[in-house]
Amino acid sequence: MTLRQGFDPLILTATGLACRRGERVLAEGLEFTVPSGGILLLKGANGAGKTTLLMTLLGALRPASGRFAFEGVDTESAFIHFLGHRNAVKPHLTLAENLAFWASVNGGGGLSSPAALEAVGLGPVAGLDAGYLSAGQTRRLALARLLVTPRPVWLLDEPTAALDTQGEAMVAALIDAHLTAGGLAVAATHLPLPLRSARVGELRLDP
Amino acid sequence: MMSAFTAILLRDLKLALRTGGDWLTLALFFVMVGIVVPFAIGPDRELLSRLAPGIVWIAAFLSVLLGLDRLFRADHEDGTLLLLRLSDLPLAGVVLAKLIAHWLLTALPLLAATPLLAVMLSMDPPAFLRAVVSLLVGTPGLVALGTVGAAVTVTIRRGGLIAPVLILPLAIPLLIFGVGAITTGPGPDQSGTALLLLAAISLIAVAVTPFAAALAITSAED
């Protein structure tokens, strides 16, 4: 899992950021910086605005006020991977086809499809239709998407949802490898991730 | 970027063909209208062939509109649409790829089924040929307008019939010139002019749609 080349140093800074969903402002006055090799864990009750903050960072929602910026990265080309609640897996395509689709859409350049499936523990079922997968396996397939195309920024929404303990360890290892390569990540999570990385920040959102 | 475009196009076709005959129901609907009308109107061949252009277009119009909802629905619900916004291919390119795939899946079967309608509606061979050309030229515009409607309504749950209702007024010119491109009389034959106008509307719609639909999708989430 260390084949990936390093990323250029980059930094995410937010100043006075306020997120909104519709007309409702969910989190205000957020200040944080995430450097290369760092991860910011978003904590907070359900409905505190964790997903909304991630959606704001990926550019799908406009912030209510304040600003954030990714510096040191070419913002002209895509540089963000998002892992949301919805796995974007097509049940009628096989696992390999699902991954191959994302590899050609996102440009590939990372692990090959078989290697990525192996890395998330789905190697033996690569030829199966994704519709037959369990919730946890579908989640693993969604994670494999992040591995076939290297991108410096990972925005993860409950990355360990539906995963077993071994899966949680796998997610932590994948994130560690990503951070070691010089990427950065923002993750909303309730469960403690067994991360080895030193640069772990935490942001608590209050409803 | 081209590979992303073709990947989306091919994936949409593959998914549609693999999920079974879902996409064929529209062609079936098209044929059903053609079969039902002669029974409703009666066996007057003269009258039937006079009404045929209008009936062919009404059938095509309705079946294209009915298929609109599935254009973005599945991709929106499983999160694919959001991720496609994070690719290097501009969203307008994504929309164009999906538009072409949708046309191939909904309008092409209609064209293939047109001979059946021609027989049922006792169209003569020249009229049948004009009908095929008219549909070939007009349906891309119809699908394009529908794409905008589908993009605007994609975040509305169970908004199945809202998109057709929304774009109906915009699509009426296509219907008028589409029928005009098949009809030759009474009076001087103006089907050629109508066909050119139909082509013009169709081209404008296809050119503008990707940008309009992309804008609708980005602002719908916000």
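Values of log10 I(q)/I(0) for the range A:70-125 across q = 0.20, 0.22, 0.30 Å⁻¹ run -0.87, -1.00, -1.34, by the Debye formula with one identical scatterer at each alpha carbon and no solvent. Legend: mean number of C-beta atoms from other chains within 10 angstrom of residue C-beta atoms, peptide A:88-96, equals 4.
Coordinate range of the alpha-carbon atoms in the range A:38-114 per principal axis, descending: 41, 32, 23 Å. Across peptide A:97-107, the mean count of Cβ atoms from other chains lying within 10 Å of each residue's own Cβ comes to 6. By other beta-carbon atoms within 10 Å, ranking A:99, B:91 with the fewest at the front produces B:91, A:99. Taken about its Cα centre, the range A:11-192 carries a charge dipole of roughly 420 debye when the Cβ of each Lys and Arg holds +1 and the Cβ of each Asp and Glu holds -1.
When Rg and the Kirkwood Rh are both derived from Cα coordinates, the Rg/Rh ratio for chain A amounts to 0.96.
Which value, in debye to the nearest 20, describes the size of the charge dipole of the protein assembly as shown about its Cα centre when Lys and Arg Cβ atoms bear +1, Asp and Glu Cβ atoms bear -1, and nothing else is charged? Charge dipole, the protein assembly as shown, about its Cα centre: 260 debye, nearest 20. With loop membership from DSSP and a limit of 15 other Cβ atoms within 10 Å, the longest segment of chain A without GluC sites (Glu not before Pro) is A:77-207.
The residues B:87, B:3, when put in order of fewest to most other Cβ atoms within 10 Å, stand as B:3, B:87.
Each of A:90, A:50 was scored by other Cβ atoms within 10 Å of its Cβ. Listed from fewest to most, they are A:90, A:50. Counting, for every residue in B:76-85, the Cβ atoms of other protein chains within 10 Å of its Cβ and taking the mean gives 6. In the calculated pair distance distribution of the range B:2-221, what percentage of Cα-Cα distances lie above 34 Å? Result: 16 percent of Cα pairs exceed 34 Å. Distance between the modelled labels on residue A:11 and residue A:31, one decimal in nanometres: 1.5 nm (7 Å Cα→Cβ projection).
Rounded to 0.05, the FRET efficiency of the residue B:200 and residue B:10 pair, given R0 = 30 Å and the Cβ-Cβ distance, is 0.50. Maximal additional length on extending the residue B:189-residue B:45 stretch stands at 49.7 nm, based on 0.36 nm per residue less the C-alpha distance. Sorting B:55-64, A:32-41 by their mean Cβ neighbour count within 10 Å, with the most densely packed peptide first, gives B:55-64, A:32-41. Debye-formula intensities of the protein assembly as shown, expressed as log10 I(q)/I(0) at q = 0.06, 0.10, 0.13 Å⁻¹, are -0.32, -0.75, -1.07 (one equal scatterer per alpha-carbon, no solvent). Other residues lying with their Cβ under 14 Å from the Cβ of residue B:9 contribute a combined charge of +1, Lys and Arg counting +1, Asp and Glu -1.
Here, each number is a calculation from the coordinates, and none is a lab measurement. Remember, predicted model here, so these are calculated numbers, not experimental data. Glycine gets a Cβ as well: all are built from the backbone with ideal geometry, and neighbour counts include every protein chain shown.
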